[in-house]
1. Cβ under 13 Å from HIS33's Cβ, HIS33 left aside: what net charge do those residues give with Lys, Arg +1 and Asp, Glu -1?
2. Applying a 10 Å radius around every beta-carbon, put 39-46, 78-85 in order of their mean neighbour count, most first.
3. Please give the FRET efficiency for ASP48 paired with GLU139, using the beta carbon to beta carbon distance and R0 = 35 Å, rounded to the nearest 0.05.
4. With charges set only on the Cβ (+1 for Lys and Arg, -1 for Asp and Glu), what does the dipole of the chain come to about its Cα centre, in debye to the nearest 20?
5. Tell me the label-point distance for the pair SER74, ALA31, using the 7 Å Cα-to-Cβ offset, in nm and rounded to one decimal.
6. Students often check this: by mean Cβ neighbours within 10 Å, which of 142-148, 5-11, 21-27, 160-166 ranks highest, and how do the rest follow?
7. Is any residue of region 38-63 close enough, with backbone N under 13 Å, to a label point placed 7 angstrom from the Cα of GLN116 along the Cα-Cβ axis, and if so, which?
8. Using alpha carbons only, how many angstrom separate the centre of region 53-81 from the centre of region 12-46?
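Each value in this text was obtained by applying a stated rule to the coordinates, not by laboratory testing. The model shown is predicted, which means the values in this text are computed figures rather than measured ones. All Cβ positions, even for glycine, are placed from backbone atoms using ideal geometry, and neighbour counts span all protein chains on display.
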Amino acid sequence: MGTVTIGVSIAVPEPHGSLLQERRAGFGDAAAHGIPTHVTLLPPTEVDGALLPAIEAHLVEVAASGRPFPMRLSGTGTFRPLSPVVFVQVVEGGAACTWLQKRVRDASGPVARELQFPYHPHVTVAHGIDEGAMDRAFEQLADYEAQWPCTGFALYEQGADGVWRKLREFAFGGAVVPPQATHVERGSIPAS
């Protein structure tokens, strides 16, 4: 099967997702239409395609241990000059995103990896474009606001065409915390 490039993220729902994607394209970011609007939990990561079932099983476990939480975006920020990125800030839900991304990248899991920069939840609205366009993105979205209940995340794969496509969604577990003391090995039959 070879290697594939995957990512895990929280999708920004409609109508917010399309609006921010259109704004990103309008600032001249050529990659905008190939990248669904999102908050990253696992940045682009090359993996052996044969590992996808194990990765999905891991993400099912991460989602089962998560709970829905409020997400709120407000205003802009930038990683410049360190990285050529302008983003909309996550002002509520950031701690939950941080917890989730640590679980996704857990050292005992199939996608353990170090990050190039410290994790900072955000929604990119301009990346790698000229400085004037970056400034416009920063200024024009300074008053942007959106909020929604986050109920899960998704696994994406980047195609050879550079477009990110959703492979599977993972909904958070219910309101009842699952028992942590019991663990059933795959393939074994639980006692009844």
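1. Details: positive: ARG23, ARG24, ARG165; negative: GLU22, ASP29, ASP161.
Combined, the nearby Lys, Arg, Asp and Glu give 0.
2. The most tightly packed comes first, giving 39-46, 78-85.
3. Numbers: r = 43 Å, r/R0 = 1.24.
Here the calculated transfer efficiency is 0.20.
4. Details: 14 positive and 20 negative charges, 87 e Å.
With only Lys, Arg, Asp and Glu charged at Cβ, the dipole is about 420 debye.
5. 2.9 nm
6. Values: 142-148: 14.1, 5-11: 21.3, 21-27: 18.4, 160-166: 11.6.
In descending order of packing, they fall as 5-11, 21-27, 142-148, 160-166.
7. What the label zone holds, given the 13 Å backbone N cut-off, is 43-46.
8. Answer, in whole Å: 15.
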